[in-house]
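K.L.:
Pasting in a structure now, in structure tokens, and then I'll have a few things to ask.
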Amino acid sequence: MYSWMIGTVAGGFAVGWWPALPSAYALLTGSVLTLVGTVWALRNRRGRRLILFAVGLGCGALFGSLWGHQLLQERLPSALEGKVLALQVRVLEPPQRREYPGPRWRQRFVGQVLSEVCNAERSACLAAGSRLLLSFYGEQRFTAGESWQLEARLKRPWGLSNPGSFNYQGWLAQHKIAGTGSIRSKGLTQLAGAQLWPNPHQFARQRILQALESSGLQPRVVALLGAITVGQRGAIVHSDWLLLQHLGLNHLVVVSGLHVGMMAALGFWLGLQLGRCMLLLGLLRQASVAAHLGAIFIATSYSALAGFALPTTRALVMLGLIQAGWLLRRRLGWRYSISWALLLVMLMQPLATLNAGFWMSFGAVLAIAC
């Protein structure tokens, strides 16, 4: 049971560390070999585990390679790099707003291209639906859910390769950013106001941030509350962040699996109380069912407010497996749970191993389980 899962996880995550993606011929050859290995494993029992591991390895590598090729295909074409493009963009998340000396405000947000943009010869195009990381210096405020007509100078995703430093290019790839750029002050036209759909959780995050900003609290306090509640830590000033690092408390400010677990415990308790009331009314046979559903609901809601960041998603996947086992009345061993959690994380994000938090979270779980 675990052989193919371990092989799939290993093959999928390994692609993120390869210096180059395989060609189409290599992918076709790998697909044929994987198919042959699958037929062999189904017809023979001798060496079945090893064959299943090899089949999983091929399936994982094939999935990761296809995911990588799709990511590269969606990137900004080289012919459009450095040129000022007229774009129609929807703001996908609450912008990170920070004040710089001057005074000067910088906003940075992920925007989705609403219509295809091409050069004059139409030999290179930026597809509709591409995600861009855009920055704007000025007083104009952007809000999650708004649509804008704007002009921006874009460049392809890149980052420094200094050993031990932050892998910025890897971070852009994990978030499927097709390009980065700076918005010009002229040519800004709002096409539509903030809309609830298609990202209601981002709309809710924006409303919470606006409520915090209008609460009358000090900006430094608002920045910390925004980081804890909706995972928006871009407004924390550098001196406060250094202080949190010296005190060893920076992990408490950033929304992570710890916070998701705490919210799940709260949801379990609230669901248990509701289940007991329903039990007395004869509407439920077991109060524990409402408790587990409450844990999943509260944890999912809090993860949505955090923007479904990778650390919260990992914790939510693990928590969901545990709660599903209880609801289905199946006792899941730790090997089974961790294997499924790794597989689901790999399917959602094959580049998850580039994040140090991945190794810390799964390493801590394995250390406790062993």
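K.L.:
Pick from Val237, Val253, Val55 the residue whose mean-square fluctuation is largest in a GNM of the chain, springs joining Cα atoms under 10 Å.
P.N.:
Of Val237, Val253, Val55, the Gaussian network model singles out Val237 as fluctuating most.
K.L.:
While we're looking at this one, here's another question. Could you rank the peptides 75-85, 138-148 by their average count of other C-beta atoms within 10 Å per residue, with the highest value first?
P.N.:
Packing order, densest peptide first, comes out as 138-148, 75-85.
K.L.:
What translational diffusion coefficient, to the nearest whole µm²/s, does the stretch 108-261 have by Stokes-Einstein, given a Kirkwood radius computed over alpha-carbon pairs, a temperature of 25 °C and 0.890 mPa s viscosity?
P.N.:
Rounded to a whole number, D works out at 137 µm²/s.
K.L.:
Follow-up question, since we're still on this one. Extending each Cα 7 Å along its Cβ direction at Tyr168 and Ser135, get the distance between those two points in nm, one decimal.
P.N.:
Inter-label distance under the simple model: 0.8 nm.
K.L.:
In the stretch 237-324, what trypsin sites (Lys or Arg not before Pro) fall in a loop by DSSP, with at most 12 other Cβ atoms inside 10 Å?
P.N.:
Counting only loop positions with at most 12 other Cβ atoms within 10 Å, the trypsin sites (Lys or Arg not before Pro) in the stretch 237-324 are Arg285.
K.L.:
Semi-axes of the equivalent ellipsoid for the stretch 12-82, please: Cα gyration tensor eigenvalues, times 5, square-rooted, ordered largest first, whole Å.
P.N.:
The three semi-axes for the stretch 12-82 are 33, 11, 8 Å.
K.L.:
Using θ = phi - 60° and the Karplus form 6.51 cos²θ - 1.76 cosθ + 1.60, what ³J(HN,Hα) does each residue of the stretch 334-342 get, whole Hz, x for Gly and Pro?
P.N.:
5, 5, 5, 5, 5, 4, 5, 4, 4
K.L.:
Which of Gly187, Gly11, Gly267 moves most in a GNM of the chain, Cα contacts under 10 Å?
P.N.:
Gly187
K.L.:
For the chain, set up a Gaussian network in which alpha carbons nearer than 10 Å are linked by springs, and say which option among Met262, Met318, Met346 fluctuates the most.
P.N.:
Met262
K.L.:
Kindly state, as a whole number, the per residue volume in cubic angstrom of the convex hull around the alpha carbon atoms of the stretch 52-155.
P.N.:
Looking at the stretch 52-155, the number lands at 146 Å³ per residue.
K.L.:
Moving on to the next point. Where does the stretch 110-149 land on Rg/Rh, using Cα atoms and the Kirkwood Rh?
P.N.:
In the stretch 110-149, Rg relative to Rh is 1.04.
K.L.:
Turning to a different aspect of this structure: Enumerate the amide H contacts of Asn119 below 5 Å, restricted to partners 5 or more residues apart or on another chain; note that Pro and chain-start residues carry no placed amide H.
P.N.:
Ala124
K.L.:
Report, largest value first, the span of the C-alpha coordinates of the stretch 130-216 along each principal axis, in whole Å.
P.N.:
42, 30, 29
K.L.:
Something else: Counting DSSP beta bridges with both partners in the chain, what percentage is antiparallel, nearest 5?
P.N.:
Here the share of antiparallel DSSP bridges comes out near 85 percent.
K.L.:
Something else about it: Hey, got a sec? Which trypsin sites (Lys or Arg not before Pro) in the stretch 320-370 land in a DSSP loop and have at most 16 other Cβ atoms within 10 Å?
P.N.:
Arg329, Arg330, Arg331
K.L.:
Please identify the trypsin sites (Lys or Arg not before Pro) of the stretch 42-73 that satisfy two criteria: DSSP loop assignment and at most 16 other Cβ atoms within 10 Å. Which are they?
P.N.:
Listed in order of number, the matching sites are Arg45, Arg46.
K.L.:
Find the accessible area per residue for the chain; the probe is 1.4 Å, ligands and nucleic acids are left out, and the unit is Å².
P.N.:
Accessible area per residue: 57 Å².
K.L.:
Beyond 11 Å, how much of the Cα-Cα pair distribution for the stretch 174-218 remains, as a whole percent?
P.N.:
I get 78 percent for the Cα pairs in the stretch 174-218 exceeding 11 Å.
K.L.:
Evaluate E = 1/(1 + (r/R0)^6) for Leu366 and Trp18, where r is the Cβ-Cβ distance and R0 equals 25 Å; express this FRET efficiency to the nearest 0.05.
P.N.:
Plugging the Cβ-Cβ distance into 1/(1 + (r/R0)^6) gives 0.50.
K.L.:
Now a separate question. Restricting to DSSP H runs of at least four residues, report the calculated mean residue ellipticity at 222 nm for the chain, -39500 (n - 2.57) per run over all residues, nearest 500 deg cm²/dmol.
P.N.:
Theoretical 222 nm ellipticity from helices: -17500 deg cm²/dmol.
K.L.:
Then there is this: For the stretch 109-119, what does the Karplus curve 6.51 cos²θ - 1.76 cosθ + 1.60, with θ = phi - 60°, yield as ³J(HN,Hα) per residue in whole Hz, taken in order and with x for Gly and Pro?
P.N.:
Ordered by residue, 3J(HN,Hα) equals 8, 9, x, 10, 5, 8, 9, 5, 10, 10, 7 Hz.
K.L.:
How fast does the stretch 203-269 diffuse by Stokes-Einstein, in µm²/s, taking the Kirkwood radius from C-alpha pairs at 37 °C and 0.692 mPa s?
P.N.:
Estimated via Stokes-Einstein, D reaches 256 µm²/s.
K.L.:
Per residue of the stretch 307-319, what does 6.51 cos²θ - 1.76 cosθ + 1.60 with θ = phi - 60° give for ³J(HN,Hα)? Whole Hz please, x for Gly and Pro, Karplus curve as stated.
P.N.:
Coupling constants for the stretch 307-319: x, 6, 5, 4, x, 6, 5, 4, 5, 5, 5, 4, 5 Hz.
K.L.:
So how many Å³ per residue does the convex hull of the Cα atoms of the chain work out to?
P.N.:
Here the figure is 198 Å³ per residue.
K.L.:
Using a 1.4 Å probe on the protein heavy atoms, what percent of the accessible area of the chain belongs to carbon and sulfur?
P.N.:
63 percent
K.L.:
Continuing with the same structure: Remind me, relative contact order of the chain in percent, using alpha carbon pairs under 8 angstrom and six or more residues apart?
P.N.:
14 percent
K.L.:
Can you check what the Kirkwood hydrodynamic radius comes to for the stretch 255-370, Cα pairs only, in Å to one decimal?
P.N.:
After inverting the pairwise mean of 1/r, the radius is 14.9 Å.
The values are calculated or read from the model by the stated rules, or taken from the named source; none is laboratory data. No experiment lies behind these values; they were computed from the predicted model shown. Here the Cβ is made from the backbone with ideal geometry for all residues, glycine too, and neighbour counts use every protein chain on show. Note: accessible area is taken over every heavy atom of the protein model, side chains too, but ligands, DNA and RNA are not part of it. Shrake-Rupley method; radii C 1.70, N 1.55, O 1.52, S 1.80 Å.
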